[in-house]
Amino acid sequence: MMDMDWNSLGFSYTPTDYRYVAIYHNGAWDAGMLSGDPSVVLSESACVLQYAQSCFEGLKAFSQEDGTVVCFRPDLNAARMADSCRRMEMPVFPEDRFLEAVDRTVRANRKWIPPYGSGASLYLRPFMFGTTPLIGVHSAEDFQFRMFATPVGPYFKGGIRPLRLRISDLDRAAPHGTGHIKASLNYAMSLYALTEAHALGFDENLYLDPATRTYVEETGGANVLFAAGDRLIVPLSDSILPSVTRRSLVYAAKHLLAMDVEERKVALDEVRGFTECGLCGTAAVIIPVAEINDHGKAISFAGYGPVIRKLRETLLGIQTGKLPAPEGWLRTIA
């Protein structure tokens, strides 16, 4: 076990001992390997640097009370990354090899896994990018798949603090674009609006559908959920990222908590009638929202209300072994 203050970890990068690296060249992936070198060496004309041909994933490994280590639903990350690769004209990294890379990366960094009860976890970042040097606009022919691990604490420091969002006048994704995949460029597109939101005292932007600007989509880095009393309302759209956390929360709400769940388009006009709002994702799990500001008009919610609290406690309980997990949700690694 590392000599670290696990309880004080934030959500930031700490280099660990090993990362997994696989190279795609001449139409095939090599065998892959663990590397102790955190550096990536590229041509100045590498495709990823010129045209942002890249995608990524994020998932976590957790210590259990009995000393075992599990990863939460990595099969869904493997499948989503495969979808991202297909849309970005990148070679799919086989899903079984993705899971093997998860196992090898976690085991190689066993001493970096935060202990049970610390509230921290080992975050895994798989990513892929085009390395072929080029000037013309076209897909790379050579790629790297990499996966590093880093111990992390809560995404938002200071415990559970209800967030303030604002409706952005910019669009997160285009109709029929790349909003439904985890392309790196989606997040680059959100940085300008996020910086502006922070300067105005907000935590994040809430984006509306780019076609009509009347339906709620998501924030720059998380899906959004609403509650109306005991009902859970989940915005759906072809340009919303299919969050693993959101899908898990929806399943838990339906099948474990016996809640009524509506997955549908959600108009901004009806949001004022909802009692709770939360943002969900791998890093944050689910965090309450206190306010959505629509150009100076505040829409207020209950903060850390009973629905958001129940969903958060249920998912964290499953991840840490305090509650039984649905079949296939936890992959035992070490």
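Inspect the range 64-73 for any residue being of a type in the set (Asp, Glu), more than 30 Å from Ser8 (Cα to Cα) and surrounded by fewer than 17 Cβ atoms within 10 Å (Cβ to Cβ) and give the result as yes or no.
no
So which of Phe202, Phe156, Phe145 is closer than 24 Å to Trp29 by Cα, in contact with a strand residue (DSSP E or B) (Cβ under 8 Å, 6 or more places away or on another chain) and among the hydrophobic types (A, V, I, L, M, F, W, C)?
Of Phe202, Phe156, Phe145, the one residue that is closer than 24 Å to Trp29 by Cα, in contact with a strand residue (DSSP E or B) (Cβ under 8 Å, 6 or more places away or on another chain) and among the hydrophobic types (A, V, I, L, M, F, W, C) is Phe145.
Going through the range 1-52 one residue at a time, which ones are in contact with a strand residue (DSSP E or B) (Cβ under 7 Å, 6 or more places away or on another chain), under 17 Å from Phe127 (Cα atoms), among the hydrophobic types (A, V, I, L, M, F, W, C) and surrounded by 16 or more Cβ atoms within 10 Å (Cβ to Cβ)?
Result: Val21, Ala22, Ile23, Trp29, Leu34, Ala46, Cys47, Val48.
Could you count how many residues in the range 219-249 are hydroxyl-bearing (Ser, Thr, Tyr) and either closer than 22 Å to Gly273 by Cα or open to solvent by 20 Å² or more (accessible area, probe 1.4 Å) (or both)?
2
List the residue pairs whose Cβ atoms are under 7 Å apart, where the first residue sits in the range 261-289 and is among the hydroxyl-bearing types (Ser, Thr, Tyr), the second is open to solvent by 60 Å² or more (accessible area, probe 1.4 Å), and the two are 6 or more positions apart or on different chains.
Close Cβ pairs (under 7 Å, with a partner that is open to solvent by 60 Å² or more (accessible area, probe 1.4 Å)) amount to Thr275/Ala302.
Would you point out the residue of the range 145-162, among those that are charged (D, E, K, R) and assigned to a loop (DSSP other than H, G, I, E, B), that is surrounded by the most Cβ atoms within 10 Å (Cβ to Cβ)?
Among them, the one singled out is Arg161.
Being assigned to a loop (DSSP other than H, G, I, E, B) and among the charged types (D, E, K, R) is the filter; apply it to the range 243-271 and report the residue that is nearest to the chain's Cα centre (by Cα).
Residue satisfying both the conditions and the ranking: Lys265.
How many of the residues in the range 272-328 are part of a loop (DSSP other than H, G, I, E, B), open to solvent by 40 Å² or more (accessible area, probe 1.4 Å) and out of contact with any strand residue (DSSP E or B) (no Cβ under 9 Å at 6 or more places or on another chain)?
6
Listed here are the residues, each with its yes/no results for (1) touching a residue at least 60 places away in the same chain (Cβ under 8 Å); (2) assigned to a loop (DSSP other than H, G, I, E, B); (3) of a type in the set (Phe, Trp, Tyr).
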{"position": "Arg164", "(1), (2), (3)": "yes, no, no"}
{"position": "Asp171", "(1), (2), (3)": "no, yes, no"}
{"position": "Asn186", "(1), (2), (3)": "no, no, no"}
{"position": "Ala193", "(1), (2), (3)": "no, no, no"}
{"position": "Ala197", "(1), (2), (3)": "no, no, no"}
{"position": "Leu206", "(1), (2), (3)": "yes, no, no"}
{"position": "Val224", "(1), (2), (3)": "yes, no, no"}
{"position": "Ala227", "(1), (2), (3)": "yes, no, no"}
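Considering Thr132, Thr105, which residue is under 21 Å from Gly36 (Cα atoms), hydroxyl-bearing (Ser, Thr, Tyr) and at pLDDT 95 or above?
None of the others qualify; the one that does is Thr105.
The values are calculated or read from the model by the stated rules, or taken from the named source; none is laboratory data. In this text, all values refer to a predicted model and were calculated from it rather than measured experimentally. Cβ sites come from the backbone with ideal geometry, for glycine too, and all protein chains shown count toward neighbours. The area values use the complete protein model at the heavy-atom level, side chains included, leaving out ligands, DNA and RNA. Shrake-Rupley method; radii C 1.70, N 1.55, O 1.52, S 1.80 Å.
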